[in-house]
1. Using a cut-off of under 16 Å, list every residue of segment 199-228 whose amide N is near the label point 7 Å from the Cα of His261 along the Cα-to-beta-carbon line.
2. Tell me, Glu476, Glu169 in order of fewest to most beta-carbon neighbours within 10 Å?
3. Would you list Tyr232, Tyr84, Tyr130, Tyr297 from fewest to most Cβ contacts within 10 Å?
4. Using 0.36 nm per residue, how much length does the chain from Glu244 to Asp327 gain when fully extended, once their Cα-Cα distance is taken away?
5. Which of the chymotrypsin sites (Phe, Trp or Tyr not before Pro) found in segment 354-435 are loop residues per DSSP with 13 or fewer other Cβ atoms within 10 Å of their Cβ?
6. Using only the alpha carbons of the chain, determine the length spanned along each of the three principal axes and report them from longest to shortest in whole angstroms.
7. On a C-alpha basis, how far is the centre of segment 258-292 from the centre of segment 482-528 in Å? Whole number, if you could?
8. How much of the DSSP bridge set in the chain is antiparallel, in percent, rounded to the nearest 5?
Amino acid sequence: MAFDNESFEEEENFAEMFAATEKQQESSRIVEGEIVEIQADEDRALVGVGDKLEGIISLDEIRSKDGSLMFNTGDKIKVMVMGYYNERPKISYKKVLELQKTIDFIDAHKEDFEDLVIEGVITKKNRGGYVVEADDVSFFMPRSLAAFKETDEVVGRKIKAQVVKVDAEENSIVVSRRKLFNEERKKKKEIIDKLMEDDILVEGTIKKITSYGMFVDVGGVDGLVHYNEISYKGPVNPSKLYKEGDVVTVKAISYDKDKRHLSLSIKAVQPDPWAEVESELDEGDTITVTVSNIEAYGVFVDLGNDIEGFLHISEITWSKNVKNPNDYLTVGQEIDVEVIEINPKTHKLRVSLKRLLPKPFDEFIKNFREGDVVTGEVTSLTDFGAFVRVGSVEGLLHNQDISWDKNTKCKDVLKVGEEVEVKIAKINEEDQKISLNRKTLLESPIDKFATNHRVNTAVKGTIRDIKEFGVFVSLEDGVDALIRDEDLAPLVKEELEVGQEIEAAIAVIDTKRDRIRLSVKKLDYIKNQELLDEINDTTSNSLGDLIKDKFQ
């Protein structure tokens, strides 16, 4: 029998090494003795072994399982003499039983020990190797066949080893942990090679279930079925589908030689349902699905063939204020959806529910027109305005359209949830946007101003701002007017200051465009014209008097 070039020098000297450490070969012998005295208070018995010599044996060696003594004073007993201590024989009844078990083991397996594997506990370590005990039989494992590191603490360790030699003459049995490893490694390699080369399907037993997958035993080799390889639906929780001890059919998909990691797959055993999806479905198709799982970000739907599609939260309804999909759908509910994306490479299917529903904007333009005055609900407030829901859509009420007061902002006068009357200012069908206006429903300051003032009449105001093109003037009731540069004469623009009072004539009142223009130049002309009219009045005093009166 060959042992793969392993050295059995220590093994062949087993008897010598065992004798050196246990002193059991040359000096050990089995004799029939007689119990001469039982000293219960000292838990021992004196046994005569001939030549007027008495050995000491512990009472624990001759107790039965129920604790009673199996021998009494005067009974004959076989013991092993293992040397001498202080001229007294060193004896053991237990060693006789162990030796007999070893002999029985050798007799039973001396012809067919080559594939025998024992499982025992390392009880001793000596210069040459280790003593392993299994079922009260002692085995010797040479250091070279142990596959341990020098620093390993091995006494008391439970191990498996393969019987490599049986010596009936020396009553010794040699075992090898290293050979068992080599045999198991060789067997695993043969199994893995067969799995990978033949691309076969095999049955395995689930040994352990973890959060990331399952370890499955296939013919003595453990492989991992990752949770991605359980179902075509994608990652699943294996503990919800299987339990330890279940038998599953698997297929080997890869093997990492460096890490000795075998990857198995359950889904690879089944027909790929994606082949059916790719051949039978197109984007835009309507299908019936079942809601299988609801998350905060969307809903997973079951197509009924071990494939799941994903319905994103934004595809549930046309409303932009969806906070929780549970408000719209329930697990187990059947719904019709539209296929919006099929990705064969990533095996992802996206669907939409809202695309099968009427578009709110389409419904809106059927029922409303520009210029309609409607009541809407404020849904949100921003720095630039407010969004107001009219019917089933939202329109934007910009800050500049909330009030005639340019300093007023929507968030200063409105609250979320409040109802507000607005006018539909513009409907942009291309961008599907709606502009709203509230200030046009209120009396314009310029309209009010126009009822009390006429063009070519003089007004006084305060310079609010000076621009490159002219001067803005604040008039009564919060009305602003513009004096263009060309209308400032005879005033000099560079001499004007903000806050300065200024008088001018009304040049234009444009209520449609909400604008008023003033002119200093026109006021000067009007005053000069009035003066000239007075001078030409024949009923008035002399020219000198008129001029005198005018400038007094």
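1. Inside the label zone: 210-216, 222-228.
2. Numbers: Glu476 13, Glu169 7.
Fewest-to-most Cβ neighbours within 10 Å comes out as Glu169, Glu476.
3. Tyr297, Tyr84, Tyr232, Tyr130
4. On the way: separation 83, 0.36 × 83 = 29.88 nm, distance 3.80 nm.
This chain segment gains 26.1 nm when fully extended.
5. Values: sites: Phe361, Phe364, Phe368, Phe384, Phe387, Trp404; in loops: Phe368, Phe384, Trp404.
Listed in order of number, the matching sites are Phe384.
6. On the principal axes, the chain reaches 180, 61, 48 Å in Cα extent.
7. Measuring centre to centre over Cα atoms gives 78 Å.
8. So the antiparallel bridges in the chain amount to around 95 percent.
Every read-out reported here was derived from the displayed coordinates using simple, explicitly stated rules and does not represent laboratory data. Being a predicted model, the structure only gives us computed values, none of them experimental. Glycine also receives a Cβ, built like all others from the backbone with ideal geometry; neighbour counts cover every protein chain displayed.
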